[in-house]
1. Read through the list (1) in contact (Cβ under 8 Å) with a residue 12 or more places away in the chain; (2) out of contact with any Asp or Glu (no Cβ under 8 Å at 6 or more places or on another chain); (3) within 19 Å of residue 217 (Cα to Cα), then give the number of the only condition that residue 266 fails.
2. List the number of the failed condition for residue 86; all other conditions in (1) on the phi > 0 side of the Ramachandran plot; (2) not assigned by TED's automatic domain parsing to the domain that holds residue 325 hold.
3. Would you say residue 23 is in contact with a Ser or Thr (Cβ under 6 Å, 6 or more places away or on another chain) and either assigned to a loop (DSSP other than H, G, I, E, B) or among the β-branched types (Val, Ile, Thr) (or both)?
4. Hey, any hits in segment 101-123 for a residue that's of a type outside the set (Ser, Thr, Tyr) and on the phi > 0 side of the Ramachandran plot?
5. Do we have any residue at all in segment 332-341 that's under 23 Å from residue 210 (Cβ atoms), crowded, with 17+ Cβ neighbours inside 10 Å and touching a helix residue (DSSP H, G or I) at 6+ places or on another chain (Cβ under 7 Å)?
6. Considering every residue within segment 36-45, establish whether at least one is under 22 Å from the mean Cα position of the chain (by Cα), touching a residue at least 40 places away in the same chain (Cβ under 8 Å) and part of a loop (DSSP other than H, G, I, E, B).
7. Report, by residue number, each residue of segment 94-124 that is hydroxyl-bearing (Ser, Thr, Tyr), surrounded by 16 or more Cβ atoms within 10 Å (Cβ to Cβ) and part of a loop (DSSP other than H, G, I, E, B).
8. Please go through segment 235-252 and give me each residue that is buried (at least 20 other Cβ atoms within 10 Å of the Cβ) and not in a loop (DSSP other than H, G, I, E, B), ordered by number.
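The values are calculated or read from the model by the stated rules, or taken from the named source; none is laboratory data. The shown structure was predicted, so the numbers you read here are calculated from the model rather than taken from an experiment. Every residue, glycine among them, receives a Cβ derived from its backbone with ideal geometry; neighbour counts consider all protein chains shown.
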Amino acid sequence: MISPDPSLTPARVTVLSGGVGGARFLQGLLHLIDVTGAATEVTVVANTADDIWLHGLKVCPDLDTVMYTLGGGIDTERGWGRTDETWHARDELAAYGVEPTWFGLGDRDLATHLVRTQMLDAGYSLSAVTAALCDRWKPGVRLLPMTDDRVETHVAIDDDQAPSGQRAVHFQEYWVRLHAEVPARAVVPVGIDRATPAPGVVEAIRDAELVLVPPSNPVVSIGTILAVPGIGEALRSTAAPVVGVSPIVGGHHVRGMAAQLLTAIGVETGAGAVAEHYGARGAGGLLDGWLVDTADADEVARVEGTGIACRAVPLMMTDTEATARMVLEAYALAAEHLGADR
């Protein structure tokens, strides 16, 4: 059982989130808040560079995964998509030979994308649409897209038929169709240099008492959020401690394709290396604190050598209780090592 110290509980927490890992982390955070009975406001800034247009519909995988997970509509076995899903529309599209066939939209999930696209076509911003969708799901957090502007991550892969020897594919094709089984040569979030933070994002970081970076992909989830002009600057200047959780345990990513994409940007697949990649705020980076798994306890000294407070704790999100304990460790790290400085 969790026995949190009420003095550790911040009133305003902002979380930078990708999809499945971020959503599970948020489940633990909300469970911890429920156990403490604290009146903590949680704002989630979600990655939207995974977004894709399919069959004329705007699909936002990370926003929807957070919304469905916290709202009780997620398929818990897959970690994405709707529970009790059916696939009749996907099968009919395939029967017509409509591409892409490698990305299937479930029938229940399809309704979300229809509503989103209709609202966008009517002139509403992605932020406004997300708030409207959350009115149904009641996720218990304020869910914000990182930007209302169109940003889509592409991955360069080898192609002997291309004049340059490489071609770019949308991140979803790299992950869903290719299963990240071919080397990624570069990662390019198209449009990010022209994007601006969505309304409320900078304020949520600036006014937070604690900013948390869950174990989401450091390249295509957290990395793209940080690359939106203005968001990195807000993190570097906020008075709140910024504490992250390593997505690498024992030299391997727990889920997804972090190793492939870290390799593409020249970063070692290790808990300490990812912390160094984010950098210490005292040296112009983004982190004040970093949690590594007990399997990586020998990385603590390396991380602390960069000026980032660090401790080794269990990081496997095996259930909500275990995840809540991990979040509590982030609270404690912020209070123990950073409270006197912030």
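1. (1)
2. (1) is the only condition that residue 86 fails.
3. The answer is no for residue 23.
4. For segment 101-123, residues of a type outside the set (Ser, Thr, Tyr) and on the phi > 0 side of the Ramachandran plot: present.
5. Yes, because at least one residue in segment 332-341 is under 23 Å from residue 210 (Cβ atoms), crowded, with 17+ Cβ neighbours inside 10 Å and touching a helix residue (DSSP H, G or I) at 6+ places or on another chain (Cβ under 7 Å).
6. Checking segment 36-45: not a single residue is under 22 Å from the mean Cα position of the chain (by Cα), touching a residue at least 40 places away in the same chain (Cβ under 8 Å) and part of a loop (DSSP other than H, G, I, E, B).
7. If the condition is that a residue be hydroxyl-bearing (Ser, Thr, Tyr), surrounded by 16 or more Cβ atoms within 10 Å (Cβ to Cβ) and part of a loop (DSSP other than H, G, I, E, B), then 124 is the only one that fits.
8. If the condition is that a residue be buried (at least 20 other Cβ atoms within 10 Å of the Cβ) and not in a loop (DSSP other than H, G, I, E, B), then 235, 242, 243, 244, 245, 248 are the ones that fit.
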